[in-house]
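My questions all concern the structure below.
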Amino acid sequence: MSPRRVRLVSASLALTGLLLVSASVHGDWKNPKAGKPPRAKPQRRSAAEGLPPLPLPATPLRRSERKRQPAPPALIGMIHFSDTQFKIVDGKRLSVSAFPTTQIDIERLMHYANQRLKIRYRFVPTSLQKFSWDPTELPLLYITGWTPMPKLGEGIVAKLRRYLYDGGTLVVHAQGGREEFRKSARMEIAKIFPKRQLAPIDTDSPLFNAYFKITRMRVRKNSEPFRSMPPYLEAVYLGCRAAIIFSPIDLNCGWDVVKNPIEGGTLYHQDDALALGVNIITTTLANFQYARQWGSEKIYYQKDNATRDQLVIAQIVHDGDWDPTPHALPNLMKYIQKNTTLNVQFKREVVGLDNVDVFKHPVLYMTGLRDFKLTDAQVGRLRSYLAGGGMLVADAAAGRKAFDAAFRREIKRVLPKATLKRLDLKSPAYQVPYRIAAVDYTDLVKAQQPSLNAPALEGITIDGQLGVIYSSFGLSTGWEQLGFAYNRGYSDADAIRLGVNVFAYALTH
């Protein structure tokens, strides 16, 4: 198991231990945050001329009067569920919210983020019934509570799914780390994207590095001493961005858990929660245009053309996020047709490794964001495929390290005697149709490796020909040309050039 995988598993186990307290406490849990009043709305006072009441001398005096301050644009919509229920309190029948929530965390976070990021945004209360579902109106929706989350109807689920595809982001966190909320929230999230994983985020995610570099976070259960652990969030990805972000630990940005521990709760240290919250806001803003474009449907070039000589590129389905860049291959195919003399109709098929056929699928393509693992049967099938003359092209989408570590581990299982080696600049993969000796990388790579300017493709040679070509730097994210801000990869132009060369090599060899 890779060191990164070990750290992630350790963090998950630590989290499980921290949250066990919530599962053992039931009934009417008292959340002290619920009694925290909201901050007063900002007011601006300016001096104005006025007249005092008679019979005082009628000479102008200075007085102050309230004027409405122009509201900053809204960034976050805090969801309030309108359902109510009746409870007997001190012998009286009272109407209370069926889903109580608080705003002190988002209120404090928004104030802090505006100061740190030098931005000017606000949060607004809204409901799933009143919201327009336009992410340009509210790029981020926020749900928090400690009782079971209300069930979402099919109509709301469909609208929420469309909102997320259109570029919106949903943040959900469990106050007090309460089991009642965590369990129900997971069920509602599963309704939105039943075929997509809600899974832990790897520690190289921009959510942990976008503004603050977060490697450890302090967590407190009840009044026990703080424990330190790797940052922990879960997410559902659309493309290379986290579209749904879920924290099973309380993101208590507005509550000082150092001085005021909450019994029956599991909470992050306020300073750490604020840093994580700023990173969430930073990535939401940075990814917004990418998210808007990613949600637009792309049509495969030549998809419906009459069949002629075909190169069928079969994209492999695996148990990780296997398709974070669905627009990459169709966009690349256009460039291959435009910039080569190959009279070939390109077609993408989605296949499992159990069904690959070297005659039907001469080229396999694989990408992803997270860790994945092949079954023994899949390992054997891929080994036979490569030995039979098939070719595998793979890249880590956005240069994500979790996929990189998984791919290296799994390809070693497939070809235990072979080693991925950096391709020499004289390799035919760098010669036709473009002669590539130097490339440009994204700003993220330049910041980390400023002297790097040569292509870094790796390969495995089988029977004198490249059978595997792999890039740990993102290729497919550049093929999409959507401007993902956190792409650790090649510039869009050079990703396209490398992609054209790689698939031209695959066809001619």
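Residue by residue through region 208-232, note down the ones that are in contact with a Ser or Thr (Cβ under 6 Å, 6 or more places away or on another chain) and closer than 19 Å to R178 by Cβ.
K221
Among the residues of region 398-426, what is the count of those that are crowded, with 18+ Cβ neighbours inside 10 Å, of a type outside the set (D, E, K, R) and either assigned to a loop (DSSP other than H, G, I, E, B) or free of Cβ contacts under 8 Å to residues at least 24 places away in the same chain (or both)?
Qualifying residue count, region 398-426: 3.
Taking region 358-376 only, how many residues are in contact (Cβ under 8 Å) with a residue 24 or more places away in the chain and more than 27 Å from D202 (Cα to Cα)?
Kept after step one, since they are in contact (Cβ under 8 Å) with a residue 24 or more places away in the chain, are these residues of region 358-376: 358, 360-374.
With more than 27 Å from D202 (Cα to Cα) added as a condition, the list becomes 358, 360-363.
Residues meeting the conditions: 5.
Something else: List the number of the failed condition for I436; all other conditions in (1) aliphatic (A, V, I, L, M); (2) under 16 Å from A314 (Cα atoms); (3) surrounded by 14 or more Cβ atoms within 10 Å (Cβ to Cβ) hold.
All conditions are met except number (2).
Okay, next question. Return the residues of region 108-136 that are in contact with a strand residue (DSSP E or B) (Cβ under 7 Å, 6 or more places away or on another chain) and either at pLDDT 95 or above or within 23 Å of N31 (Cβ to Cβ) (or both); say none if nothing qualifies. Don't jump to the end; show me each part of the working.
So in region 108-136, the residues in contact with a strand residue (DSSP E or B) (Cβ under 7 Å, 6 or more places away or on another chain) come out as 110, 121-128, 131.
Those that are in contact with a strand residue (DSSP E or B) (Cβ under 7 Å, 6 or more places away or on another chain) and either at pLDDT 95 or above or within 23 Å of N31 (Cβ to Cβ) (or both): M110, Y121, R122, F123, V124, P125, T126, S127, L128.
Filter region 321-360 for residues that are basic (K, R) and not in a loop (DSSP other than H, G, I, E, B); which is modelled with the highest pLDDT?
Pass one, region 321-360, residues basic (K, R): 334, 338, 347-348, 360.
Still in the list and also not in a loop (DSSP other than H, G, I, E, B): 334, 338, 347-348.
Details: K334: 83, K338: 80, K347: 73, R348: 79.
Ranking the qualifying residues of region 321-360, first place goes to K334.
Return the residues of region 452-483 that are under 15 Å from G368 (Cα atoms) and part of a loop (DSSP other than H, G, I, E, B); say none if nothing qualifies.
The answer is S472, F473, L475.
Looking only at region 427-451, how many residues end up being more than 30 Å from K213 (Cα to Cα) and in a loop (DSSP other than H, G, I, E, B)? Steps first, please.
Going through region 427-451, the residues more than 30 Å from K213 (Cα to Cα) turn out to be 427-438.
From what is left, the residues that are in a loop (DSSP other than H, G, I, E, B) are 427, 431-438.
Qualifying residue count for the region: 9.
Could you check, for region 93-101, whether at least one of its residues is modelled with pLDDT of 95 or more and in contact with a helix residue (DSSP H, G or I) (Cβ under 7 Å, 6 or more places away or on another chain)? It would help to see each step written out before you state the result.
At the first step, the residues of region 93-101 found to be modelled with pLDDT of 95 or more are none.
No.
When only residues in region 361-397 that are β-branched (V, I, T) and either assigned to a strand (DSSP E or B) or not assigned by TED's automatic domain parsing to the domain that holds F503 (or both) count, which is surrounded by the fewest Cβ atoms within 10 Å (Cβ to Cβ)? Break it down into steps so the answer makes sense when it comes.
Taking region 361-397 as the starting set, the residues that turn out to be β-branched (V, I, T) are 363, 367, 375, 379, 393.
Filter again for either assigned to a strand (DSSP E or B) or not assigned by TED's automatic domain parsing to the domain that holds F503 (or both), leaving 363, 367, 393.
Numbers: V363: 20, T367: 29, V393: 25.
It comes out as V363.
Hey, another quick one. In region 355-391, which residues are out of contact with any helix residue (DSSP H, G or I) (no Cβ under 6 Å at 6 or more places or on another chain) and within 23 Å of Q197 (Cβ to Cβ)?
First pass over region 355-391, keeping only residues out of contact with any helix residue (DSSP H, G or I) (no Cβ under 6 Å at 6 or more places or on another chain): 355, 357, 359-362, 364-366, 373, 375-377, 380, 384-390.
Selection gives N355, L364, Y365, M366, K373, T375, D376, A377.
Continuing with this model, one more query. Tell me the strands (runs of 3 or more DSSP E) entirely within region 95-175 that contain at least 3 residues that are in contact (Cβ under 8 Å) with a residue 24 or more places away in the chain and buried (at least 22 other Cβ atoms within 10 Å of the Cβ).
Values: elements: 122-126, 140-145, 169-174.
Counting at least 3 such residues, we get 140-145, 169-174.
The values are calculated or read from the model by the stated rules, or taken from the named source; none is laboratory data. The structure displayed is predicted, hence computed values, not measured ones. Positions of Cβ are generated from backbone atoms using ideal geometry, with glycine treated the same way; all protein chains shown enter the neighbour counts.
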